[in-house]
Amino acid sequence: MSYAIRIKNLTKTYKIYSSPRERALDAFRKKHRGQEFSALRNLTVDIPVGEVVAILGKNGSGKSTLLKIVTGVSSQTSGTVDVDGRISAMLELTSGFDQELSGVENIYLRALAMGIPREETERHRDAIIEFADIGKHITQPVRTYSSGMKARLGFAVSVSVDPDILIVDEVLAVGDDSFKLKCIDKMEEFRRQGKTILFVSHSLFTVKAFCTKGMWLKDGELMEYGELGPVVMKYQDFLRSEIAKTKASPGKKTGLPDTKSDVIKVSGFRMVDDAGKPTTTFVHRDDLSFEFRYTVKKPVDKLTFCFTVRNAEHMEIFMADKQNPRNEIASSVGEHTLRVRLQELNLIAGNYELSGELWNNASGFYVSYSNKRPFTIEQDEFLGTGIMRVDYEFENDADQV
Amino acid sequence: MVTVVQNMVDLATVNVRNFHRTMAMARVGLVKRYSGSLLGIFWAIVRPLLFISVYWFAIQVGLRGSRPVGGEPFLLWFLPGVICWFFISDALTIGGASIRANSHLVTKLVFPVPTIPVFTVLSLYFVHLMLVGILIGIFVLSGYGLDIYFLQLFYYSFATLLFATLTAMLLSAFDAISRDVGHMVKSIMTVLFWLTPIIWPVDSVDGFVGLLVRLNPVCYLVQGYRNSLVLDTWFFSEWLYSLYFWGVILVLIFLNGYVFPKLQREFADVL
């Protein structure tokens, strides 16, 4: 098997200095001072040609450092990186643009900075402009562009070089959906041509749609590397446990500001099944109930309760009306328990989130009791994809005999 | 020692191998600096000309101190030196901050970092050459004319470019690590302007002070521009001084070989 990138025992240690002077002096010292911080620890990975590798991990886990070393921007502390082929790196799409120059001039500027000869850019010019698809703005100074337009232009230049290895670091976050699709199409095209792609994205949705292998980094260490599915599953498990940990740790109640806690204290929240047992997994079409305990410490005249159901991408599916008198709850001083039953949830199997707020319209304050609590819907029978089940009936002028 | 020599060779190789890109970046740098303004490149000329006029006014009219120097009209004597100075001053302040100013090339793209100060200084050099052209025009039009000594201008302007590039490279490496260097350079420039014989003739000091003044390599270059246009002196007639200057250049090359690669490893982490 031929490899595009072979990484062996790669370690990157950043040194943290108390002052820039120390850093300058340290460059000339035999014995180094300065506190050490390991961004990557003893990483060994072989990436075969033609794979699309998703690099997963939380912020600060070493993803960007790895990409920077592979591209050659940053140097490693120890270990080796062998790269076979021409790399085009998209560490940032818009860097290197000059605000005053026009879009066309910036194409040349960025290509030049990437080391592409002018004649080559000249050849690709029209294709780049067409791909960027920002219309007549292309002749205007880049300072008049929106961030999405800049990203379009940057991406268009970066993919024009026909690389063997493409490195994409979380650059699709800006730009609208049609542009994202276009980018993914382009990368898909690269993949079909047998090019190797390293891809960092926090959108697991995108990753699942198009990567073949996964690499999960945690605190600079390689946790998993292999076929995408299992790696993503383990990573997601880890993310869930992380969230659970933040929830569980006392004194760290998310979204509960101190000043408001003098008035209202949320003392408990749990989702329960029909039998009253705590769970976060529910069956499609069953009722989802949750219990919510709160203590009113100072008299408030009116409390309203409002909840929101979101999908895993935080898209709102349903939010209860905040103004509706029906949603008013007990507001006398003392401890209360509120039970909410969401009836016959029509959600398709998958992960969702539940969040909610306590409102007092008179004083305009609110307390969010839970910040996007996850829950899972399971389904025995596959009915279709999406968010919500739609019941339907066929009436066909059937050829009944 | 061996590694330093190796580093020096490496720095030179990087610059030679990427020469086309460096030239293109220098040209773009010029376009960038003056784009978005109506008069464009015109400003590159206007600023120094305005400066020169003000100095000339202050000295000729204000101080009434502009006796012809060594038989030459003050303005003609003053111009070559000050034009040389403008380039050196810009090269050290702008070129000396070039790596920090182009940090995106270091941290976001794969770019030959040692060429950054070079293309920055080169783009300033284009402007300088334009000014030298105007300077020659003034000499011709004023009826002062050009003689064979004028050919030395090629030598001196090359020496100036080399000195400015090497110094800017060294400064830019330090400046990338610490901002202090940029501030320091800016402050020192004013001091250097008055300590260099730009608006006063170098002959007016002699002895130990005169020697100190001449140890400043900028003095050699400023005097050189004058030698070529007004003083009619050959650079080899001051061969010891020329030797000293090239000694300084060698030291600068050596320092770059020693410092630059060491600091370059840190660039991506600090910028």
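Things to note:
- Region A:262-318: trypsin sites (Lys or Arg not before Pro) in DSSP loop, at most 16 other beta carbons within 10 Å: A:Arg285, A:Lys297, A:Lys302
- GNM result for chain A, Cα springs below 10 Å: residue of A:Met114, A:Met149, A:Met315 fluctuating most strongly: A:Met315
- Overall dimensions of chain A, expressed as equivalent-ellipsoid semi-axes from the Cα gyration tensor (√(5λ), whole Å, largest first), are 46, 30, 24.
- Value at 222 nm in deg cm²/dmol, rounded to 500, when DSSP H runs of n ≥ 4 in chain A each add -39,500 (n - 2.57): -8000 deg cm²/dmol
- Inter-chain neighbour count for A:21-27: the average number of beta-carbon atoms from partner chains within 10 Å of each residue's beta-carbon is 5.
- Contact order relative to length of region A:1-105, as percent, for alpha carbon pairs under 8 angstrom and 6 or more apart: 38 percent
- The residues A:Asp164, A:Asp177, when put in order of fewest to most other Cβ atoms within 10 Å, stand as A:Asp177, A:Asp164.
- Full extension of the chain between A:Ala27 and A:Glu221 gives 67.2 nm of extra length, using 0.36 nm per residue less the Cα-Cα distance.
- Among B:Leu50, B:Leu11, B:Leu221, the largest mean-square fluctuation in a Gaussian network model of chain B, built with springs joining Cα atoms closer than 10 Å, belongs to B:Leu50.
- Sequence of A:Ile55, B:Ile136 once ranked by neighbouring C-beta atoms within 10 Å, starting from the fewest: B:Ile136, A:Ile55
- Taking chain A as a Gaussian network of alpha-carbon nodes connected by springs under 10 Å, the highest mean-square fluctuation of the residues A:Gln35, A:Gln140, A:Gln379 belongs to A:Gln35.
- Ranking of B:Val222, A:Val83 by neighbouring Cβ atoms within 10 Å, starting from the fewest: A:Val83, B:Val222.
- Separation between Cα centres of region B:197-271 and region A:38-71, rounded to whole Å: 48 Å
- For region A:282-355, the relative contact order comes to 49 percent (Cα pairs under 8 Å, sequence separation of at least 6).
- P(r) tail fraction, chain B - alpha-carbon pairs more than 26 Å apart, %: 45 percent
- Counting Cβ atoms of other protein chains within 10 Å of each residue's Cβ and taking the mean over peptide B:263-269 gives 5.
- When both bridge partners sit in chain A, DSSP labels roughly 75% of those beta bridges antiparallel.
- Restriction of the GluC sites (Glu not before Pro) in region A:293-333 to DSSP coil positions whose beta-carbon has at most 11 other beta-carbons within 10 angstrom yields A:Glu313.
- D by Stokes-Einstein for the protein assembly as shown, Kirkwood Rh over Cα pairs, 10 °C, 1.306 mPa s: 52 µm²/s.
- Neighbour cut-off at most 16 other Cβ (10 Å), DSSP loop, trypsin sites (Lys or Arg not before Pro), region A:8-73: A:Arg29, A:Lys30, A:Lys31, A:Arg33, A:Lys58
- Calculated log₁₀ intensity ratio I(q)/I(0) where the Debye formula runs over C-alpha points of region B:209-269, q = 0.13, 0.29 Å⁻¹: -0.49, -1.19
- Contact order normalised by residue count of chain B, Cα under 8 Å, 6+ apart, percent: 29 percent
All of the numbers you see were taken from the coordinates with simple rules; none came from a lab. What you see is a predicted model; the values in this text were computed from it and never measured. Glycine also receives a Cβ, built like all others from the backbone with ideal geometry; neighbour counts cover every protein chain displayed.
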